[in-house]
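S.K.: My questions all concern the structure below.
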Amino acid sequence: MTFRGDVQALRAWAVTCVVLYHWHVPGFDGGLLGVDAFFVVSGYLMTDILLRSLATDTFNYPAFLLARARRIWPGLWAMVALVLLLGARFTPPQAYAETAQHALSALIFRSNHEFLAATNYFAAPSHHKWLLHTWSLSLEWQFYLVWPLALWGAHRLGLKGRAWMGALALGLAGSLALGIWATTTHPGAAFYTLPCRAWELLVGAAIAAWSLDHPSSAAQARPWLARTGWALLAVQPWLLGGLTWPGPWAILPCLATALVLLGRHESPIAVRHPLVAALGRWSYAIYLVHWPIHVAWLALGWTSHPTGVAAGIGLSVALGALLHRWVEQPTRHWLPTTTSRSALLTAKLPRAAAFGSALVAASVLITHHNGLPQRFDPKVQDLESATTWYSVYRDDCLTFPQSPLALGRCSNRDDGSPVGLYIWGDSHGDAILRAFNNVTTVHTEFSGHAGCAPVEGGGAQSARCAEFAAMALDHIERAPAGVPVLVIGRFTDYTLPEDGRINPVRVWWQAHQSQPAAAAFLDAMEHTLCRLATRRPVHVLRPLPEMDAHVPMAAAQFEILHGQFGDDTIAIPARQMAAHHAAVNARLDRIAQRCGVHLIDPLPMLCPDGLCRAAANGQPMFIDRDHLSTVGSNRLAPQLASRLADTDPVVTAELDTSE
């Protein structure tokens with residue numbers, strides 16, 4: 001097909017949105033939709049190539065895949081090699097083994113399924129995964145494997161005109177419906193898998209099919225369509241931030257991209273500007289390098305200042321340009337353009353195969369040897385291993401989003417004695433359960449669901465959370481009157497926007513509702529605690545301190561880069577934590593006065609001298625940013641049990657005086 005400047009402009013716009021989104025640039029909270037635009041453009045270009053080859057009887061499935069490989073492999077291989085090389089020097093063992101596993105998945109184009117499988121509640125944060133962005137390349141490659149065969153089959157069956165467009169529309173609608181449904185029921189699958197995302201590529205495919213069926217109409221420029229599309233694209237990164245993605249909202253950027261493609265209007269200065277054209281040419285390379293740069297900046301602590309952000313974005317563009325010039329372009333001749341024997345013999349195919357095989361072998365080796373821990377002092381491995389210092393009850397007592405919905409009443413005794421204390425919480429309650437049971441003789445029973453607030457309605461997180469909360473409340477209320485309950489949850493988190501992204505439309509909408517979401521949660525919390533307090537003593541642990549980094553990862557990284565990780569290396573002033581939890585604590589104070597609920601503040605216990613430290617005696621007190629490790633829970637539990645014993649005669653404590 002002929003070169004189209006508007007397609008290059010779409011690529012430039014899409015990669016700009018994605019990069020600025022990941023760097024948290026204001027106004028681009030919805031910039032992830034750039035990936036959706038990429039999918040539409042890819043579906044359009046690939047379908048145009050395939051339909052033209054089928055029409056001229058030149059379709060060659062291996063040749064098509066070779067052409068895609070020549071475009072994708074060199075840059076991907078170079079980026080993966082760079083990540084593995086730098087990781088050998090700077091990445092802690094567990095993280096390096098995980099990175100190597102992700103590298104292998106990226107090289108064989110299944111990383112979208114790799115990251116989908118890793119979306120458990122306690123998985124490492126996505127911003128620590130060096131190759132997370134390769135999920136979209138894997139999804140596209142899977143499309144390249146299937147779509148040519150589907151088109152060839154339709155061609156062989158003689159599907160043309162309305163019948164062909166009808167079949168395409170049916171597939172598009174089915175994938176869209178599946179994606180919308182999965183966004184609420186299986187959000188990981190909705191985001192990462194081809195069946196739920198195929199409709200975006202099929203939008204582009206539909207435009208290509210229509211254009212070939214109506215060549216005279218398609219060749220005409222329609223400036224008003226293109227301008228409408230560009231206007232929509234210009235505002236969507238601002239309007240669509242903070243929304244669950246992809247879901248039905250993804251229709252908007254796909255529609256806007258489709259309008260630009262149908263408009264075929266290349267006269268605007270923005271489309272023809274040399275910088276736009278350059279960004280379009282470099283877009284794939286920029287996409288490849290921008291995310292590893294961002295992960296490195298996070299590890300170095302350079303993302304908190306505008307200068308660091310600007311430097312990271314600038315380096316992404318510069319390194320992308322270099323990757324395009326010195327890797328993508330020179331190495332394209334390594335792979336043949338056809339599948340003829342002469343082409344295979346004259347191309348530098350053995351060199352390409354050797355390099356790709358070496359990357360695969362290195363990834364397998366690093367994974368098999370647990371990230372090569374001998375590279376660093378044993379202290380690095382000890383610090384990183386704190387991610388596993390969690391309550392032994394976690395898998396047995398805590399209900400997870402992916403597990404069958406059950407109350408999971410977890411008791412510390414099996415002697416038939418009556419329960420002396422009910423504990424209702426989320427994963428933060430479970431984190432201190434073992435340590436608490438070790439310092440008290442009271443018979444406890446715990447019920448908790450990860451990510452679901454211990455309040456009526458489950459914090460409005462999902463219908464599943466609401467159902468679990470109803471089950472927990474019913475079970476506690478059926479207990480004899482006077483048996484106390486301890487409620488532990490990450491209450492402040494349930495009042496904040498997801499991922500900290502602010503959506504202006506949602507903000508406006510909530511501002512005009514009778515009750516915004518945060519206020520609704522606080523009211524539900526008050527109603528629940530006061531309801532429980534009518535028949536039994538209620539104790540509530542105020543919100544725990546939270547760090548601004550994944551503690552074990554940051555501790556291990558600090559030890560590698562600087563050495564001498566200490567208790568004060570990662571710390572937050574207690575007054576800052578108090579300010580963070582101010583809204584929840586103010587409402588808890590009101591609940592205590594109104595309903596007689598007993599409040600227990602963990603900050604004096606965990607933040608002595610007005611400083612909330614992430615470690616004690618050089619050992620991490622958190623397994624991530626906010627869940628206490630066994631070190632942290634062992635520090636908190638004796639004082640928590642003591643406070644309960646002071647306020648409730650039913651609860652007796654055996655204090656461990658070793659603290």
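S.K.: Could you work out how far helix 135-156 tilts from the main Cα principal axis of the chain, as a 0 to 90 degree angle to the nearest 10?
M.R.: Once rounded, one gets 50 degrees.
S.K.: Ranked highest first by the average count of other Cβ atoms within 10 Å around their residues, in what order do 562-571, 27-36, 206-215 fall?
M.R.: 27-36, 206-215, 562-571
S.K.: While we're looking at this one, here's another question. Using mean Cβ contacts within 10 Å as the protection proxy, how do 8-15, 382-389 order, highest first?
M.R.: Highest-to-lowest ranking by the protection proxy: 8-15, 382-389.
S.K.: What full-extension length gain, to one decimal in nm, is calculated for A358 and S304 as 0.36 nm per residue of separation minus the Cα-Cα distance?
M.R.: 15.7 nm
S.K.: For the chain, what is the accessible area per residue in Å², given a 1.4 Å probe and the full set of protein chains?
M.R.: It amounts to 43 Å² per residue over the chain.
S.K.: A further question on this structure: Measure nothing but the geometry: give the 0 to 90° angle between the long axis through the Cα atoms of 463-478 and the longest principal axis through the Cα atoms of the chain, rounded to 10°.
M.R.: 10
S.K.: Need the full-extension length gain, T228 to H214, defined as separation in residues times 0.36 nm minus the C-alpha distance. One decimal, nm.
M.R.: This chain segment gains 2.9 nm when fully extended.
S.K.: Enumerate by residue number the trypsin sites (Lys or Arg not before Pro) in segment 133-239 meeting two conditions: DSSP loop (anything except H, G, I, E, B), and at most 15 other Cβ atoms within 10 Å of the site's Cβ.
M.R.: K160
S.K.: For the chain, give me every cysteine whose Cβ has no other Cys Cβ within less than 4.7 Å, ordered by residue number.
M.R.: C17, C196, C254
S.K.: Give me the one-decimal nm value for the distance between modelled label points at R325 and L599, 7 Å along each residue's Cα-to-Cβ direction.
M.R.: Calculated label separation equals 6.1 nm.
S.K.: What percent of all Cα-Cα pairs in segment 363-417 falls in each 5 Å bin, counting up from 0?
M.R.: Histogram of Cα-Cα distances, whole percents per bin: 4, 13, 14, 14, 12, 11, 12, 10, 7, 3, 1.
S.K.: For T647, put the label point 7 Å out on the Cα→Cβ axis and report which residues of segment 531-554 keep their amide N under 13 Å from it.
M.R.: Correct set: 533, 537-543.
S.K.: Then there is this: Principal axis lengths of segment 89-222 from Cα atoms, whole Å, largest first?
M.R.: Taking max minus min along each principal axis of the Cα atoms, segment 89-222 gives 59, 34, 33 Å.
S.K.: If I model a spin label at L159 and R478 as a point 7 Å from the Cα along the Cα→Cβ vector, what separation in nanometres do I get?
M.R.: That separation, rounded to one decimal, is 5.3 nm.
S.K.: Quick one: if you stick a label point 7 Å off each Cα along the C-beta vector at T534 and A616, how many nm between them?
M.R.: Going from the T534 label point to the A616 one covers 3.9 nm.
S.K.: Quick one: grab the alpha carbon gyration tensor of segment 159-288, order the square roots of its eigenvalues as a ≥ b ≥ c, and give me rounded if a/c is under 1.5, else prolate or oblate depending on whether a/b is larger than b/c.
M.R.: Taking the square roots of the gyration eigenvalues as a ≥ b ≥ c, segment 159-288 is oblate.
The values are calculated or read from the model by the stated rules, or taken from the named source; none is laboratory data. Remember, it's a predicted structure, so these values are computed and weren't measured experimentally. No Cβ is skipped: glycine too gets one built from the backbone with ideal geometry, and neighbour counts run over all protein chains shown. Keep in mind that these areas ignore ligands, DNA and RNA; they rest on the heavy atoms of the full protein, side chains included. Shrake-Rupley method; radii C 1.70, N 1.55, O 1.52, S 1.80 Å.
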